[in-house]
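For reference, the structure discussed in these notes is given below.
The values are calculated or read from the model by the stated rules, or taken from the named source; none is laboratory data. Keep in mind that this is a model prediction, so the values were computed, not measured. Cβ: placed from backbone, ideal geometry, glycine included. Neighbour counts: every protein chain shown. We work out accessible area using only protein heavy atoms, side chains counted, and drop any ligands, DNA or RNA first. Shrake-Rupley method; radii C 1.70, N 1.55, O 1.52, S 1.80 Å.
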Amino acid sequence: MANFPILQEIKGEWQSTKTVEIMGLRIPAYFTDDPQLLYDYIVNFKTKSDDVFVVSYPKAGTTWVQEIVWQIYHNGEVNSKRIEDRVPFLEEATNSKSSQPDIASFPSPRLIKTHLSYEAIPKGVNEETTCKYIYIARNPKDNAVSNYEFLTSLGKNTELNASWEFYANLFVQGKCKLYNYYTWQ
């Protein structure tokens, strides 16, 4: 059984969100009840040839692209259901507090959101399982500001207690949310 350390950066009165290190990535600890279960889920995830992953660093425009892709696949249909109910989030698949439906129960083609890096994302191994990936990139400075504003708007739910300067320093060091993100091949 692997070890999944809980990481939290603390400097004086400031503290980062708690993260768990899975596959070399810092994933918010509130995404999963059991890091081993999430690791196993990601490693054993079976892709299908018509799966489409919408992939990005958090707060890079993921929701916009999810909605655009969903509408493309549904002939421009406008749907009032939450995007989370139509395009499941891979990293929340094992979270007992998540209300999203089971990804395996989605009909093909499955549209799936993830913030995993290239090294960690599920990939197909043959023609029947090789799927598509849409990668979204955003200016890192804009990304950092957007993510900081989002996390601080959630209040104590994220356990983040940080000034902009503290957060920006962690972001540059790769200690916020997921890291190694701008190394996609």
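What to note about this one:
- Reciprocal mean inverse distance between Cα atoms of segment 1-112 - Kirkwood radius, Å: 15.7
- Ordering SER153, ILE134, SER49 by Cα displacement along the dipole of the chain toward the positive end leaves SER153 in first place; charges were set at the Cβ atoms of Lys, Arg (+1) and Asp, Glu (-1).
- Taking 0.36 nm per residue of sequence separation and removing the Cα-Cα distance, the GLU165/ASP40 pair yields an extension gain of 41.4 nm.
- Carbon plus sulfur fraction of accessible area for the chain, probe 1.4 Å, in percent: 53
- Karplus-derived 3J(HN,Hα) values for segment 96-107, using 6.51 cos²θ - 1.76 cosθ + 1.60 with θ = phi - 60°, are 5, 8, 6, 9, 6, x, 5, 4, 4, 7, 6, x Hz; glycine and proline are entered as x.
- Solvent-accessible area per residue in the chain equals 54 Å², computed with a 1.4 angstrom probe and all protein chains kept.
- Simple spin-label estimate for LYS11 and PHE150 in nanometres, 7 Å along Cα-Cβ: 2.3
- In this Cβ point-charge picture (+1 for Lys and Arg, -1 for Asp and Glu), segment 1-79 has a dipole of about 180 debye about its Cα centre.
- Degrees between helix 35-44 axis and first principal axis of the chain (Cα, 0 to 90, nearest 10): 30
- To the nearest ten degrees, helix 140-153 and the longest principal axis of the Cα atoms of the chain are 80 degrees apart.
- Dipole in debye (nearest 20) - segment 1-134, about Cα centre, beta carbon charges: Lys, Arg +1; Asp, Glu -1: 220
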